[in-house]
Amino acid sequence: MTVHTRHGDALDGALAQALGGRLSRVDGPAKITGAAKYAVEQQLEGLAYAVLVESTIASGKVRAIDTVQAEAAPGVLQVLTPDTIISLRTASDWFGTPPPDKPYCPLARDITFSGQHVAAVVAETFEQAVAAAALVKVSYDETPSIVDLSDGKAGDGIPIDAMTKEWGDAPAAFAAAPVRICAAYNTPREYQAPMEPHGLVARWEGDHLTVWEPSQWLDGMARTYAEWFEVPFENVRLVSPYIGGGFGSKALALSHGAVAASAAKMLGRPVKLVMTRQQTFTGYGGRAATRQTVTIGADRDGMIQSIVHRGVNETSIDGMWVEPLGSVTSIMYATPNFSSRQNVVRVNSVVPGAMRAPGENPSAFGIESAIDELAYVVGIDPLEIRLRNYAEQDPHAKKAWSTRQLREAFAAGAERFGWARRSPEPRSMRDGNQLIGWGVAAGTYPVRRAYGEAVVRILADGSVEVESSSIDMGQGTYTILAQTAAETVGVPADDVVVKLGDSRFARAGVSGGSRLAGVMTGAVHKAATSALDQLVGLAISDPRSPFHALQANTLVVAKGRIGSPRGDGPDVSIAELLKSVGRDRIEATGDTMPANSTAEDRYKNYTTIAMALPHTEGDYSRYSWCAHFIEVRVDEDFGTVRVSRVVSALDSGRLYNPKLAESQWKGGIIMGIGQALLEEGIMDRRHGRIVNNNLADYLVPTNADIPDIEVISVGIPDPHSSALGGKGVGELGIVGVAPAIANAVFHATGKRVRDLPITLEKLI
Amino acid sequence: MRDFSYLRATSTDAARQAAALPGAMLLAGGTTLIDLAKCGVAEPDTLVDITHLKGLDRIDVSERGATIGALAKMGHVADHADIKSRFPAISEALWQAASAQIRNMATIGGNLMQRTRCPYFRDPANFSACNKRVPGSGCSAIGGVTRGHAVLGTSDACIAMYPGDLATALVAFDATVHLGDRRILVDDFFLLPGTTPDREHAIEPGEVITAIEIPGSAAARRSTYLKIRDRQSYEFAAASAAVGIEFEADGRTIRDLRVALGGVATKPWRARAVEAALKGKVLDPETVRAASLLAVEGAVDHGANHYKIELAPRVVARAILKLGETA
Ligand SMILES: Cc1cc2nc3c(=O)[nH]c(=O)nc-3n(C[C@H](O)[C@H](O)[C@H](O)COP(=O)(O)OP(=O)(O)OC[C@H]3O[C@@H](n4cnc5c(N)ncnc54)[C@H](O)[C@@H]3O)c2cc1C
Ligand code: SF4
């Protein structure tokens, strides 16, 4: 086990360059100096600016759109409405399901939520477009809306049978259990709130479209644009070298993209469209609001006999989003009897979307709060009850874990946190007016696996170039792929240039579900191995090579130099060797697709999620794991909760770069603190509209809200999860933070808060 | 945002003349005004930039009191050594406000004039009813999202909370606003909404705030600003209290007490009833807590903001007791 503190980058330098080293982000300097050019910073000749007009009602029909004044406003080039925008084709969904053969219009006539795009104004300047957009007059025939899950009209929703998980006889076992608890847990609408708002620059050249757009999935989005505009996939180029945060919200081409690309096509000029911060709250979906009831039957020793779980999440009127609420419930603890079912309820909202650990995050809030409640009822330490019910194998899939270092995580976290010193009674620890509480909760996230492709080149100067259409939204792809290629070829990472974020490069699937590092390190490793083989092959066999006479059957490449394994004979740099054999480069493409894959398989793999490998495929069940130990201080007069200490131990398997992994874990924990204490879309129920749609009113944590966070890696290489032994990193950290905080708040105050966020009025 | 013209004032008189014209607005740090222009709330025809005026950023502190120029930056005033020692509540109110970046831009004059954070006020495209924006149009907040709205000083026309921290400390210490030669108590400068919530300040078109003046006092010297909020920083008050105290020679009996509330009222709210109840009393927790309840006499909630009525007296009591501890 390694313990890393918050500030530890002492290993920067030569050691850091290898895979597993603490190399700092290679894209850091470009970002800090402003040299990194983000997608919408493209300055193109003739650029025009589009601004969206949004619905101000939540439900009904657009009666008329009066564009006369807007069209007459200075600088206006066109006003797009459902009647004037060009007709597009409906695109397939992210599974690649063939779409219905019908037109698609990104501007709505039928209004199903407040903030829906109804029109757009394109002008010579951004300011002119903003001014003219305010002059577009939309009239509506309004109908009653379903505000949210608590709306009387919402009903029970649609059962999602695919979410049902059952074994044993859970209701009967519950009825027979000596100890029974049942509670309801709610999470509100939450928003990804990336620093960089959504937007794009679209340019047509003939029937070729180039889109500069922040993207978590270039190939998937290119496919959608291609299908909308009925052009070949190859004609669409997505460019996204840097992304200012996505958290799940930038994986799909969205209606604003269709509007901008349509405008560019109609005008014959490149068009830029950037959402306002307000629009980012309705232009796409945040995390769906959820409700869960968790019922646990146990014996008096706290051994779980039965879990009955019912979940509901909201979706939109005409879109479908399922937030899998039974995902953690069904695997965290061993139970002989289990039942989980889920419904989805339609409300007048934009269709919700992926946000850091969709499913696992709210699911963990339910089960990890409930087991804490059980611990108090049976009078067992909350850590001890988790160990008693430890699942030795996947209780749902009934398969062995590939690796599960959760026990180690509990042990390491408890030790560093000092859990043994906890006084069990609620309200028993205080410091003046501050009630102190200690809480624990576990988290998990499945290892999502897919296939990837990369190009590795060894260039004349001995440097190495890696190309992939995968992306880096801050998680460190540039850096770990440089480390992977460096280690595989045998050069310093400083001599590797990684190029990402252009759909012309070797293809990649979605960067979501914490899969990218595992997929891409595997692909780069494969391509780099084959480049290295070519290099060594040339050195051995080319008559012009200084190694030719040696008759060796292998050579060693290290630190950019080639020599024989025994150290006798020549020692030349890669550049010298390439020169001697008259080559200006070596190039290798590597992919991890099955050998007999067709071109169609490849297209499907990179542009849909249909070919992702299930995490329970084969003999193993694959997950990352973590345990959070959190101290809170609650002011007994004011009800304010401050997180004062966090120790988290996490199992993400092998870490390709601990510094970056720790940074992502901490980022997840910080986001979890926000979720627990601050974040909530606040709805005006009369208008069906989120009113805190800006970053002054939608609160995310500031530095002052975040204590020292200690993260401990307890992972071991997991050969079943990825080529190089890593498991998921990015989403794991957030899972379990909110229940750990809620549990700590209970310990501090004796009040159980089951509705997030835990704001002061709930404790006062 | 629509087109407007920009005029850089060369003298205070020129600023007054330019600002008197219809559609003209003074521009200081711009942290409120530009924001409101982007929301479509402020629609100036002319911006009169006063940031280049000389001499309006002075901070003079003496035994008698402090005079702070309207263009002094929030950050400078917060960090000023004499303000910190003689008027700790003023410094604390300022450094706990907004963010470091905003405090480096924002001026004291602009700070007094900041507008409410009522979400309905700030979103004209979606909510046409707002008496503060359009007199007689109604109030969208009543019956809507009210968690941040006022519980004191409200009217049927408007329940918007005044969000500023500095002005709360200013009313506690009887500060005055200088509008050129005209002087007016800060307490009188802010108006209750009544039936005219669009009129927030006793300032006439063409008047420019030139300075604020805070009389020195023993209570100001032993003072504090306690701000309670959902987030630890960069967040408006859920409830706050500016409190100053002066003890008799025994160090326990309260000779002078100043209490003002922020985050709970339609204007900076002086809590004179609490002051009166405690003057002459010996400071002890029970007495202080009981008297602090008077801070919210007459409070009216609108559902989600009910917690402010519970919270505000506790904030007042804690602030008073905290000052007592240092006696
Ligand atoms: C995200 C955010 C968070 C904030 N948090 C807080 C907080 O926690 N606490 C707090 O107290 N404040 C907070 N503020 C408000 C901030 O303090 C004010 O925006 C700032 O003080 C305004 O000063 P300014 O110089 O930028 O004013 P400007 O924006 O330039 O002007 C504001 C108004 O005052 C008028 N004006 C300016 N100068 C004068 C003058 N000399 N005479 C007459 N009229 C004048 C202008 O015409 C305009 O109407 C926050 C603001 C933001 C944007
Ligand atoms: S509370 Fe005041 S500012 Fe808010 S909507 Fe009502 S009238 Fe307007």
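Compared with the direct C-alpha span, the chain from A:Leu44 to A:Glu761 gains 253.0 nm at full extension, assuming 0.36 nm per residue. For segment B:115-132, accessible area lost to neighbouring protein chains reaches 30 Å² or more, against the chain alone with a 1.4 Å probe, at B:Arg117, B:Pro119, B:Asn126, B:Phe127.
Calculate, in nm to one decimal, what A:Glu230 and A:Glu124 gain on full extension: separation in residues at 0.36 nm each, minus their alpha carbon distance.
Value of the extension gain: 35.4 nm.
Spacing of the modelled spin labels on A:Ser92 and A:Thr589, each 7 Å from Cα toward Cβ, amounts to 2.0 nm.
Distance from the Cα centroid of segment A:644-700 to that of segment A:505-561 is 39 Å (rounded to whole angstrom).
Centre-to-centre separation between the Cα atoms of segment B:20-93 and those of segment B:251-327: 28 Å. A convex hull fitted around the alpha carbon atoms of segment A:12-165 yields 264 Å³ per residue. Modelled spin labels at B:Asp13 and B:Arg252, positioned 7 Å past Cα toward Cβ, are 6.1 nm from each other.
Surface analysis of chain A yields an accessible area of 36 Å² per residue, using protein heavy atoms and a 1.4 Å probe. Note on segment B:219-325: with neighbouring protein chains present and a 1.4 Å probe, carbon and sulfur make up 51 percent of its accessible heavy-atom surface. Computed on chain A, with alpha-carbon pairs under 8 angstrom and 6+ residues apart, the relative contact order is 17 percent.
Interface residues of segment A:119-165, defined as those with an accessible-area decrease of at least 10 Å² between the chain by itself and the complete set of protein chains (probe 1.4 Å), are A:Glu127, A:Val130, A:Ala131.
For segment B:164-206, the residues whose amide N sits under 19 Å from a probe point set 7 Å from the Cα of B:Arg272 along the beta carbon direction are B:168-177, B:184-194, B:202. With 19 Å as the cut-off, how large is the P(r) tail for segment B:219-325, expressed as percent of Cα-Cα pairs? Distances greater than 19 Å cover 38 percent of the Cα pairs. Once all protein chains are placed together, B:Val274 keeps about 0 Å² accessible to a 1.4 angstrom probe.
The distance between label points at B:Asp156 and B:Ile184 comes to 2.7 nm (points 7 Å beyond Cα on the Cα→Cβ vector).
Rounded to the nearest 20 debye, what is the charge dipole size of segment B:219-325 about its Cα centre when +1 sits on each Lys and Arg Cβ and -1 on each Asp and Glu Cβ?
On the way: 18 positive and 13 negative charges, 57 e Å.
Magnitude of the dipole: close to 280 debye.
Here the convex hull built on the C-alpha positions of segment A:98-167 has a volume of 220 cubic angstrom per residue. Distance between Cα centroids, segment A:31-55 to segment A:394-415: provide it in whole Å. Cα centres, segment A:31-55 to segment A:394-415: 46 Å.
Mind running the shape call on chain B? Use the C-alpha gyration tensor, a ≥ b ≥ c as the square roots of the eigenvalues: rounded below 1.5 for a/c, prolate if a/b tops b/c, oblate otherwise. Oblate shape, in that a/c is at least 1.5 and b/c is the bigger or equal ratio. Between the beta carbons of A:Arg421 and A:Lys499, assuming R0 = 56 Å, the FRET efficiency works out to 0.60 to the nearest 0.05. Counting only residues at least eight positions apart within a chain, or on another chain, the lysines with an alpha carbon under 22 Å from that of B:Lys279 are B:Lys322. Counting only alpha carbon atoms, the long axis of helix B:307-325 and the longest principal axis of chain B meet at about 60°. Between B:Ala81 and A:Lys153, the FRET efficiency estimated from the beta carbon spacing at R0 = 60 angstrom works out to 0.45. Multiplying the residue separation of A:Ala575 and A:Glu71 by 0.36 nm and removing their Cα-Cα distance gives an extension gain of 175.3 nm. Rg ratio for segment A:195-239: its Cα radius of gyration over 2.2 N^0.38 Å, N being its residue count, equals 1.10. Report, please, the projected area of segment A:651-703 averaged over directions, based on the convex hull of its C-alpha atoms, in nm². Averaging across all directions leaves 5.3 nm² for the Cα convex hull. When the accessible areas of B alone and A alone are added and the area of the pair subtracted, with a 1.4 Å probe, the result is around 2800 Å², both sides summed.
Evaluating kT/(6 pi eta Rh) at 20 °C and 1.002 mPa s, with the Kirkwood radius of segment B:5-49 over Cα pairs in the Stokes-Einstein relation, gives 203 µm² s⁻¹.
For segment A:56-96, the ratio of Cα radius of gyration to the globular rule of thumb 2.2 N^0.38 Å stands at 1.68. The simple Förster model, with R0 at 45 Å and r as the Cβ-Cβ distance, assigns A:Lys398 and A:Leu695 a FRET efficiency of 0.45. Taking each DSSP H run with n ≥ 4 as -39500 (n - 2.57) and averaging over every residue of the protein assembly as shown yields -7500 deg cm²/dmol at 222 nm.
Computing Rg and the Kirkwood Rh from the Cα coordinates of chain A gives a ratio, Rg/Rh, of 0.99.
Would you please state which residues of segment A:83-122 a label at A:Thr143 would reach in this model, taking the label point 7 Å out along Cα→Cβ and a backbone N cut-off of under 12 Å? Inside the label zone: A:110-113.
For chain B, relative contact order (Cα pairs under 8 Å, six or more residues apart, normalised by length) works out to 17 percent. Compared with its chain on its own, segment B:226-255 contains the following residues whose accessible area drops by 40 Å² or more in the full protein assembly (probe 1.4 Å; ligands, DNA and RNA excluded): B:Ile228, B:Asp230, B:Arg231, B:Gln232.
The values are calculated or read from the model by the stated rules, or taken from the named source; none is laboratory data. Note that this is a predicted model, so its numbers are computed, not measured. Cβ atoms come from the backbone with ideal geometry, glycine included; neighbour counts cover every protein chain shown. Heavy atoms of the whole protein, side chains included, go into the accessibility calculation; ligands, DNA and RNA do not. Shrake-Rupley method; radii C 1.70, N 1.55, O 1.52, S 1.80 Å.
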